[in-house]
Structure formats: structure tokens, C-alpha cells
Amino acid sequence: MSLDVATVRADFPILKRLVRGKPLAYLDNAATTQKPRQVIEALVDFYERHNANVHRGVHTLSEEATNMVEASRAKTAKFIGAAKPETVIFTRNATESINLVAHAWARKFLRAGDEIVLTEMEHHSNIVPWQMLAKERGVVLKFVPVELDGTLDLEKVRATVGPKTKLFSFVAVSNALGTVNPVEAMIKIGKSVGATVLVDACQWAPHRTLDVSKWGADFVAFSAHKMLGPTGIGVLWGREDLLDAMDPFLGGGDMISRVTLEAATWNELPYKFEAGTPNIADAVAFGPALDYLSAVGLDAIRAHEDELAAKAVALLEASPSVFVLGPKDPARRSGVVSFNVAGLHPHDVGTIFDLEGVAVRVGHHCCQPLMHKLQCGGTARASFYLYNDESDVEALGRALKRTLDFFKIGAKAGVH
Ligand code: 7TS
């Protein structure tokens with residue numbers, strides 16, 4: 001089933017705006033996505049008609065707000081194939097989801113000398129919490145090396161994960177290069193040594209069907225804002241027995257069952273991990289985002305963005321001055337296209353692109369160790385989503401031409 005991009009675009013009000021006098025070509029979807037009016041209207045509707053705190057009142061509005069948050073939780077569970085909504089914890093973002101596991105699971109169960117295996121392509125949010133833990137507890141960090149084409153070699157995964165590995169935590173799709181990792185094979189390797197496995201699904205969940213029961217991992221983290229939802233909502237899915245065995249993350253209201261002056265007991269899942277007033281409106285508005293993705297269909301979305309990304313790669317690679325990073329095989333690449341222009345700093349590329357209304361991300365993409373491995377300080381990154389179309393690829397081409405002209409690059413090679 002193909003995607004009707006004109007109909008989709010009409011649902012995203014921001015796509016009508018001009019940037020520097022040009023139509024916006026929004027190609028920074030790996031950082032955050034735009035919101036359809038269904039999500040924006042859900043936010044307005046919540047504040048205009050239902051706003052109240054949750055779990056605390058018998059009054060009508062409080063009950064409505066509570067039911068609306070729980071409906072979103074149930075929808076999230078269904079979207080990711082989780083059997084029980086209470087295994088879906090709402091956090092602020094994926095970063096908080098990973099930190100929750102570091103605090104509430106790893107601090108309780110890991111000992112000095114235990115090993116945590118990560119990969120060299122992780123986002124900082126899946127490196128720094130573990131470095132902090134390693135420093136505090138004497139846990140040892142090991143890294144699966146990245147190949148120069150931005151892929152992982154399963155033999156090297158097998159060689160790094162071993163009997164001392166207590167946690168294997170890795171990214172499903174790289175935000176910096178677009179590499180699609182062999183997630184199920186990697187989970188199996190982690191499980192074969194009895195490790196707990198955490199998958200950072202930030203760049204997977206918006207684009208590919210995610211079925212946590214099929215994957216068989218222990219924790220899966222992602223952010224709503226990268227999949228049409230509002231900022232301020234993250235998800236941590238966890239295996240129920242693990243979540244039950246964990247201590248709370250933050251202490252306060254809502255996460256307790258009983259409190260005396262001396263001690264407290266914990267609430268049931270998921271509330272044990274949701275201390276204080278949650279991000280109610282944004283949790284509610286995540287529901288229509290998931291409905292939107294389901295209605296269009298993740299398969300259609302993926303096919304659409306793969307097609308645009310392939311055109312972008314071809315366009316960029318037509319210039320001898322441009323180097324596209326990441327896997328060459330389109331089957332191993334998502335709709336993320338990371339590139340450099342010879343002799344130019346990515347910030348200069350991004351600045352000229354903005355003059356053409358083209359929004360791309362530049363820099364290290366919160367993956368400094370990966371950039372170090374690939375021996376580049378950063379890249380320019382175009383990342384596609386369901387509302388992008390051919391006009392965005394054309395705008396990318398115009399922006400590249402303007403950049404090459406401005407810096408007088410490649411003219412002799414006839415790259416335009
Ligand atoms: N993991 C991956 C793979 C990501 O792409 C990001 C955000 C995160 C974790 C953290 O998500 P957050 O919602 O907690 O911030 N990635 C990016 C990016 O590529 N550009 O800006 C944010």
C-alpha cells in the first residue's frame with residue numbers, strides 16, 4: 001500500500017510555513033518529528049475540556065484525565081506488542097528511560113567486575129549513564145567495535161559478549177548513520193550468555209514494526225517526540241518480572257502504597273516508576289500520534305522514506321565532493337542520510353542549507369565516540385519521514401548546489 005503524501009502533508013500545519021522565504025524542507029526527523037493537527041488538537045482539547053491531575057480525585061475531570069492517560073498507555077502497549085499495559089512506563093524521554101534502568105535495575109543487581117556491553121555506535125544517552133555507573137560501582141564497560149561502513153559484525157558481537165556480561169545494551173537503528181542493526185540476532189547473543197538486554201529503539205519505533213514479545217529483549221526504550229508525539233514523553237517497556245524486582249527510580253507521590261514517618265512501600269506497576277504528577281497532556285496526545293502512524297501503516301511509511309533516502313543518496317553521491325557515510329546496502333540503512341562535503345565543516349553546510357529552507361542536523365549527533373572512530377568531527381544529516389516528498393529531495397539538491405557554488409567547490413569536476 002503506497003502512501004498518499006499530499007493528504008499526509010495537509011495534516012501538518014508547520015509544513016505550510018516559509019523559512020528564509022523558501023518552503024520548509026524539514027529533514028531533521030531523527031532529532032524530532034513534526035506534529036499532525038490530530039496531536040495538536042488533542043493537546044488543546046485536553047487543556048480546554050479535561051484538565052485535572054490524575055489518580056487523585058473522585059471528581060469527573062480527574063477520572064477523565066486518568067482514563068485518557070491509561071488509554072494512551074494501552075495504545076502504546078498495543079503498538080509495541082506488549083501483552084500488559086502496566087509494563088509500559090511513561091518517562092520524559094528515552095534518555096530518562098535508560099537512566100531509569102541504570103538506577104533502578106543496574107544499581108540493585110550489578111556488582112564490581114560485572115560487565116556491560118555496548119556498541120561504539122551508541123547515542124550518548126546509552127553510554128554516559130553506564131559510565132557513571134562504572135565509576136561508582138566498578139562495573140566494566142566493553143564496546144562492540146563498529147566497522148568503517150557503519151555496520152556491526154555479528155562475530156565481533158559474539159566475541160565481546162561473554163559469561164561476565166550482565167547487560168547488553170544497544171541501539172536498534174543508528175541516529176547518526178542510519179544503520180539498521182540485526183536486532184533479533186543481537187538479542188539472541190545477549191540471551192545466550194544470560195545477559196539482560198536493553199534495546200534503544202528511538203530510531204526504530206517511528207519507522208518499523210516493533211514487537212517486544214517477538215524480540216525477546218528485557219527493556220526497550222524510545223521517545224514519543226520522534227514519532228509524531230509531543231515532547232516530554234518517553235517510554236520504557238520492561239519485562240514484568242524484572243520491573244517487579246526493581247526498586248523505584250524516584251521517590252514521592254503516586255509511586256507509594258503506604259508511607260509512615262519511618263518507611264514506605266511501593267505502588268504496583270507502572271506507578272512504582274512514575275513518581276509525582278506525570279506529563280498528563282502529552283501522554284494523552286501521544287495516543288493520536290500512534291493512531292496516525294497505524295492508520296498510514298509503518299510498512300508504507302518505511303517504503304516511502306527508503307525511496308526518498310535512496311534518491312537523496314544518489315543525488316549527493318553524484319557530486320565527487322560529497323561523501324555519504326553509513327552502509328551502502330539500502331537494506332541495512334534507514335531513512336537517515338549522513339554526509340560530508342570535502343573541505344567543509346558540517347556547520348557551514350547546515351548554515352547554507354538553511355538559507356534554502358532545508359533543515360538538516362549538523363555535528364556529532366550525540367555520538368562522539370562513533371565520530372571519533374570514523375575520524376570525522378561530525379556530519380550533516382538529512383533524515384526523512386512520512387510527510388517528506390520529492391520536493392524536499394529537490395530542495396536538498398538546490399541547497400547542495402548553493403553550498404558548492406558558495407565555497408567554489410567541485411565546479412571543475414562538473415558536479416552540478
Ligand atoms: N537514542 C537514539 C538512537 C537517539 O536518536 C536519541 C535522540 C536518543 C537516544 C535520545 O532521545 P531523547 O528523546 O531522550 O533525547 N537523537 C537525537 C538526534 O539524533 N538528534 O537529536 C536528538
Full extension between Thr60 and Ala185 adds, at 0.36 nm per residue less the Cα distance, a length in nm of 40.2 nm
Which three lengths, in whole Å and largest first, does the chain cover when its Cα atoms are put on their principal axes?
77, 54, 37
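Accessible area, 1.4 Å probe, largest first: how do Cys376, Cys366 sort?
On the way: Cys376 30, Cys366 55 Å².
Accessible-area ranking of Cys376, Cys366, largest first: Cys366, Cys376.
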Membrane-span-like helices (DSSP H runs, Cα span along own axis at least 18 Å, mean Kyte-Doolittle at least 1.0) in the chain -> 280-296
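Give me the 1.4 Å probe accessible area per residue for the range 271-390, excluding ligands and nucleic acids, in Å². Write out the running numbers ahead of the final one.
Working: 4310 Å² over 120 residues.
Value for the range 271-390: 36 Å² per residue.
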Mind listing which trypsin sites (Lys or Arg not before Pro) in the range 80-111 are in a DSSP loop and have 14 or fewer other Cβ atoms within 10 Å?
Arg111
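Provide the percentage of antiparallel DSSP beta bridges, counting only those with both residues in the range 193-250; round to the nearest 5. Walk me through the intermediate numbers first.
Details: 5 of 8 bridges.
Taking every DSSP beta bridge within the range 193-250, about 60 percent pair in antiparallel fashion.
Go ahead and estimate [θ] at 222 nm for the chain from helices alone: -39,500 (n - 2.57) per DSSP H run with n ≥ 4, summed, over the residue count, rounded to 500.
That calculation yields -10500 deg cm²/dmol at 222 nm.
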Mind jotting down the distance between the C-alpha centroids of the range 225-261 and the range 155-224, whole Å?
21
The alpha-carbon center of the range 269-315 and that of the range 98-139 are separated, in whole Å, by 27
Over the range 156-279, what is the relative contact order in whole percent, taking alpha-carbon pairs under 8 Å and six or more residues apart?
16
For the range 314-416, what class follows from the C-alpha gyration tensor (a ≥ b ≥ c being the square roots of its eigenvalues): rounded when a/c is under 1.5, otherwise prolate if a/b is larger than b/c, else oblate?
rounded
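Taking a probe of 1.4 Å, how large is the accessible area per residue of the range 110-232, in Å²?
Working: 3970 Å² over 123 residues.
Normalised by residue count, the accessible surface of the range 110-232 is 32 Å².
Would you mind telling me the antiparallel percentage of the DSSP bridges in the chain, rounded to 5? List each step's numbers first, then the result.
Values: 26 of 45 bridges.
The antiparallel proportion sits near 60 percent.
Suppose the chain between Ser213 and Glu41 were pulled fully straight at 0.36 nm per residue; how much longer would it get relative to their current alpha carbon spacing? Don't jump to the answer; show the numbers that get you there.
Numbers: separation 172, 0.36 × 172 = 61.92 nm, distance 3.24 nm.
In short, 58.7 nm is gained.
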Sulfur and carbon atoms: percent of accessible area, the range 327-416 [1.4 Å]:
55
Would you mind counting up the charge near Lys191? Only other residues with Cβ under 14 Å from its Cβ, with Lys and Arg at +1 and Asp and Glu at -1.
+3
Excluding ligands, DNA and RNA, the carbon-plus-sulfur percentage of the accessible area of the range 14-133 with a 1.4 Å probe reads 56
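The values are calculated or read from the model by the stated rules, or taken from the named source; none is laboratory data. This one's a predicted model, so the numbers in the text were calculated from it and none came from an experiment. Virtual Cβ from ideal backbone geometry, glycine too; neighbours counted across all protein chains shown. What goes into the accessible areas is simple: the full protein's heavy atoms, side chains included, and nothing from ligands, DNA or RNA. Shrake-Rupley method; radii C 1.70, N 1.55, O 1.52, S 1.80 Å.
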